[in-house]
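First up is the structure itself, then whatever we jot down about it.
The values are calculated or read from the model by the stated rules, or taken from the named source; none is laboratory data. Just so we're clear, the structure is a prediction, and the values are computed from it rather than from any experiment. Please note: Cβ atoms are built from the backbone with ideal geometry, for glycine as well, and neighbour counts cover all protein chains shown.
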Amino acid sequence: MDKNEFQQLIHKQIPIINAMGIDVLEFTPYKVRISAKLNPNINDKGTAFGGSISCLMTLCGWAMTFANIKESYPDANIVIQKNTIEYLVPIKKDFIAECTLENEDDKKNFLEMYSKHKKGKLDLKVTCYDKDVLLVKYQGRYVAFH
């Protein structure tokens, strides 16, 4: 599945995505980048609403999990089990979440666990930067199950 097909899928299956101005910039098993427009996600301070940021970061990790399991196991379901987020700097413009899968063993273990038990977990980090300034740090555990 390419980034355009994935974007169509999430816009169809996750209604809130339509209102957030979400755009899938990159969608591979090793890197996912998803942007959101500031205007539909603005708070009373004129910065990005924390709930919208959390939604984007969660979606980015979910997309990485999707990119890594759906080719081998198209019937797998994916949910977020737990997450933590740190809002480090207020976001004052359109923003991008990025998730990179750097450890091939993490993917291998995830797929092996799913193959054996029809359930696997993947721990991911997602970041949001403005140039070289880290705005948000996120960690999430995603579970795929049959």
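Points to keep in mind about this one:
- Looking across segment 94-144 at every residue that is buried (at least 20 other Cβ atoms within 10 Å of the Cβ) and of a type in the set (Val, Ile, Thr), the one that is nearest to the chain's Cα centre (by Cα) is identified as 126.
- Candidate set from segment 35-77 (those that are β-branched (Val, Ile, Thr) and under 23 Å from residue 94 (Cα atoms)); member that is nearest to the chain's Cα centre (by Cα): 58
- Within segment 19-34, the residues that satisfy the criterion of being of a type in the set (A, V, I, L, M, F, W, C) and either within 12 Å of the chain's Cα centre (by Cα) or surrounded by 14 or more Cβ atoms within 10 Å (Cβ to Cβ) (or both) are 20, 22, 24, 25, 27, 32, 34.
Residue-by-condition table, conditions (1) at pLDDT below 95; (2) in contact with a helix residue (DSSP H, G or I) (Cβ under 9 Å, 6 or more places away or on another chain); (3) within 15 Å of residue 124 (Cα to Cα):
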site	(1), (2), (3)
14	yes, yes, no
51	no, yes, no
54	no, no, yes
59	no, yes, yes
